[in-house]
Amino acid sequence: MGQRTHGKSGFMIVRITGFITFFVLSAVAGAASPRNALAQAPAQATAEIVGVVRDRASGAPLPAARVRLVETHREELAHADGSFRFSQLTPGTYTVEVEHLGYARSRQRVEVRPGESHRLEIALTAQAIELSGFVVTGTVGPRAGEDVLSPVSVLRGAELDRELGGTVAATLDREPGIAVTSVGPATARPVIRGLGGDRILVLEDGVRPGDMSSTSGDHAVAIDPLTARRFEVVRGPMSLLYGSSALGGVVNVVREEIPASLPGHPHGTLTVHGSSVNEGLSGGGFVTTALGPFAVRAEASARTAGDIRTPAGPLQNTGLRTYSGSVGGAWIGARSHAGLSYRFYRNEYGIPGIGVHEHDHDHEGEDDHAHDHGHVHAVDIEMTRHTLRGEAAIHLEGGPFSEIKLTGAASDYRHVELEEDGPTGTEFEQRLYSAEVVARHGELGPFTRGAVGVRAQYRDIATGGSLRTPSTYDYAFAAFFVEELGTGPLRAQLGARYDWARYVPRDTAAFVLAGGERIPVRPRTFGSFSGSLGLLYLLSDAVRVGVSASRAYRTPDFNELYTNGPHLAANSYDVGDPRLEHETGFGLDAFLRVNGDRVHGEFAVFRNQLDDYIFPSSRGRAELGGESGRPLFQYTNENARFVGAEGDIEVAVTPAVVLHGSASYVRARFTSPRAPIPVITETDTTFVPASTNPPFIPPLRGRVGVRYEQPAYFVGADLRWAARQDRVGDFEEPTDGYAVADVSAGVRLVRGGRLHTLTVRVENIANTEYRDHLSRVKDLMPEPGRNLSVVYRMTF
């Protein structure tokens, strides 16, 4: 590995980061101190909310209904008699949200006075459509999904059980606007509106996990979906709240590792998932309980799988073993909480021998001959992540702010790529430290709510093995504000952010060959403003329309600036360019959202103009020397435009029968002239015209289906489809369209106050042979064949 020898500036950054981490942890300890607890003791008597949840038609109690106090993040499951209780409440107004699988959600406002025991009788109506709950991603604070000012998808409850996959991307693959790119099943990563890499932020409880999945297609996302409570996807530029790279959208895996409230009794889940197509088995669960004034959460999961079976045979070396666990705890005060969590994640997975094929060249002056291209042997990858998080929040009365929240995280990530005979091919180590302070307010002058914040990040990357990318450290700072106006039919959101970042390579004697020039690596500094304006108009209680305009920017990542050498697992020879400019995006979005009792859906159109779009431009094949046959890629800037539409809809044609459908389309095109591409051989160099299309753009795709839904069970059938993709990038081949049928069924039982669900899916029921355009191994094998998937979940 490269040595971590800091210069004077490196020591300064480490000291700054250490100070920030110390500040956050001190805030955690200070908020939890007995003196602070006494200072926060309420001066007036507390109140409580007690109630019972029943079926509206029969009057029977509904045990295991999920009851939530939105403002306090407190959540309980109704007991066997349908009862629930929230005690020790500060007098005031609360939103009580109640959900149960197979029933319409109930939401009501409740005002409690000092010393009062407020009683509620909540009746739920059976409903086949499951509406979105509260969303925390991309918003100033928790809010109903129908009121978010961007196109949004929430996957939870019964829908999550129906769609649960082995990775985050596989779980979200059927959501509108989302596709999946991968080099084998373990490396699946979401693509939103045709944008991938670090333009899509994958978060865990709103925090970056600290992996390197965005830097290369063979790097897996270091998050297991099995124990997630829900997935939130916000499509469109999210640079305002999450940083300069979030040009395409944000995926947030919500676990609540650091509890924000005291549970009235222990609660959690136990989940087991099996699949036949790869002989896969996974199991895991979590439990949250109270120990005096502390809330404690523990989680563990494990996953194993063999090679994927396809209609054309097995895709070799695609097995995996994953282990994950976490423990977290928080002190909960009357108006504050503070806590820490630790997570361990280990993933060992295989990459198939991509690029292994033969073809004939007809070179002038040569006989026809065959070449074996690519690495003949597969690659195994071992990755490990350790993450420590801290969080402290205080709710204030009086003054301009209603809440101040501090978040800090430190992660240590190691990634090793092993050749088949054992030696290390490529190695990465990354240490990532971040801290953020956000102050939120309620009504303030003309604004109904808003937030201001600052963020700092330091990252240290060491490289080794065959990789010639120099070890690099970078640091970034940001300041932002978001404000909302209006409480009537017309509402607005506006905000701005400034980001500053600096990249410093440790080996300043290194160089890259860019455009035939020998370019020395050197430190780079970037800084720019982002901004957005969004409008939401309520046409009726059930129908909303929204529009937004945004300016965002993205800095080149370290590998795009400095990489220079073969990447074995990706079967490529990658070259960066230290002269790259930052990307600038100008986005327009418009959407229509319907949330009725019998119709639920969202339709959106978008246009994103990306100036100086950074992508790996093909430079032919390096057929000379020891890297014979590896595709040569040079990171470069080009202007590009992405336009498209996406939508999904559910219609209850009867109280129990639901028709549903979704579709996504994106059209991407370079808008600046591109230079011809050199094809280098042993005897000469020829040039071919460059494509006007960016690579790996998903085709028109979607699904249609029908579901019969009752509170105790469901059955359904779906047809997934995609059109032919012939708008291809450099050296890409067109991919045929396909249609694949799936069926599913499930039962729900309540026993002893515990909810048991069993969901069975048969995917690709006809064992259809088809290929996904975004798969990096589609030339080797088609997509997985017939698969029986079984998910059992117990909620208590």
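The values are calculated or read from the model by the stated rules, or taken from the named source; none is laboratory data. Here the structure is a predicted model, which is why all the values come from computation and not from measurement. Positions of Cβ are generated from backbone atoms using ideal geometry, with glycine treated the same way; all protein chains shown enter the neighbour counts. Note: accessible area is taken over every heavy atom of the protein model, side chains too, but ligands, DNA and RNA are not part of it. Shrake-Rupley method; radii C 1.70, N 1.55, O 1.52, S 1.80 Å.
Provide the net charge surrounding THR525, with neighbours chosen by a C-beta distance below 12 Å and charges set as Lys +1, Arg +1, Asp -1, Glu -1. Computed value for this residue: +1.
Calculate the FRET efficiency for PHE529 and LEU490 from the Cβ-Cβ distance with a Förster distance of 35 Å, rounded to the nearest 0.05. E between PHE529 and LEU490, to the nearest 0.05, is 0.85. If one takes the longest principal axis of the Cα atoms in the chain, at what angle in degrees, from 0 to 90 and to the nearest 10, does the Cα axis of helix 8-31 lie? Long axis of 8-31 versus the principal axis of the chain: about 20 degrees. Residues within the reach of a label modelled at ASP726 (point 7 angstrom out along Cα to beta-carbon, backbone nitrogen below 20 Å), restricted to region 696-712, are 696-702.
How many percent of the accessible area of the chain is carbon or sulfur, using a 1.4 Å probe?
C and S atoms contribute 57 percent here.
Under a Cβ-Cβ cut-off of 10 Å, what is the net charge of the residues other than PRO470 that fall near it, where Lys and Arg count +1 and Asp and Glu count -1? Taking every Cβ under 10 Å from that of PRO470, the sum is +1.
Using the Cβ-Cβ distance between ALA334 and LEU719 with R0 set to 45 Å, the FRET efficiency from 1/(1 + (r/R0)^6) comes to roughly 0.25. Surface calculation, 1.4 Å probe, protein heavy atoms: LEU388 sits at approximately 80 Å² accessible. Projected label points at VAL657 and PHE294, each 7 Å from Cα along the beta carbon direction, are separated by 5.6 nanometres. Most simply put, region 45-126 has about 75% antiparallel DSSP beta bridges, counting only bridges with both residues inside it.
Per-residue ellipticity at 222 nm from helix content only, as computed over the chain with -39500 (n - 2.57) for each DSSP H run of at least four residues, stands at -2000 deg cm²/dmol.
Multiplying the residue separation of ARG56 and VAL688 by 0.36 nm and subtracting their alpha-carbon distance yields 220.6 nm. Among residues other than ARG297 with Cβ under 9 Å from its Cβ, the summed charge is -2 (Lys and Arg +1, Asp and Glu -1). Working from label points 7 Å from Cα in the Cα-to-Cβ sense, the ARG518 to GLU121 distance is 8.7 nm.
Most tightly packed first, judged by the mean number of other beta-carbon atoms within 10 Å of their residues, the peptides 597-603, 453-459, 573-579 read 573-579, 453-459, 597-603.
Rounded to the nearest 0.05, the FRET efficiency derived from the C-beta distance between VAL599 and ARG107 at R0 = 25 Å is 0.85. The DSSP beta bridges internal to the chain are antiparallel in roughly 95% of cases.
Counting only protein chain heavy atoms and rolling a 1.4 Å probe, the accessible areas of ILE351, ILE404 rank, largest first, as ILE404, ILE351. Across region 45-126, the mean sequence separation of Cα contacts (distance under 8 Å, 6 or more residues apart), normalised by length, yields a relative contact order of 41 percent.
Need the full-extension length gain, ALA739 to LEU388, defined as separation in residues times 0.36 nm minus the C-alpha distance. One decimal, nm. Numbers along the way, then the final one.
Numbers: separation 351, 0.36 × 351 = 126.36 nm, distance 4.41 nm.
Computed gain between ALA739 and LEU388 is 121.9 nm.
Using a ≥ b ≥ c from the Cα gyration tensor of region 67-106 (square roots of the eigenvalues), is it rounded, prolate or oblate, where a/c under 1.5 gives rounded and otherwise the larger of a/b and b/c decides, a/b for prolate? Oblate is the answer for region 67-106, as a/c is 1.5 or above yet b/c matches or exceeds a/b. Taking a point 7 Å from the Cα of SER276 along the Cα-to-Cβ direction, the residues of region 310-348 with backbone N closer than 15 Å to it are 310-311. Using a probe of 1.4 Å, the accessible surface attributed to PHE344 totals some 70 Å² when neighbouring protein chains are kept in position. Applying 0.36 nm per residue to the separation of GLN88 and TYR342 and subtracting their alpha-carbon distance, the gain on full extension is 88.6 nm. Between ARG751 and VAL547, the distance separating the two model label sites (each 7 Å from Cα on the Cα→Cβ line) works out to 5.6 nm. Loop-located GluC sites (Glu not before Pro) across region 442-495 with a Cβ neighbour count of 16 or fewer within 10 Å are GLU443, with loop assigned by DSSP.
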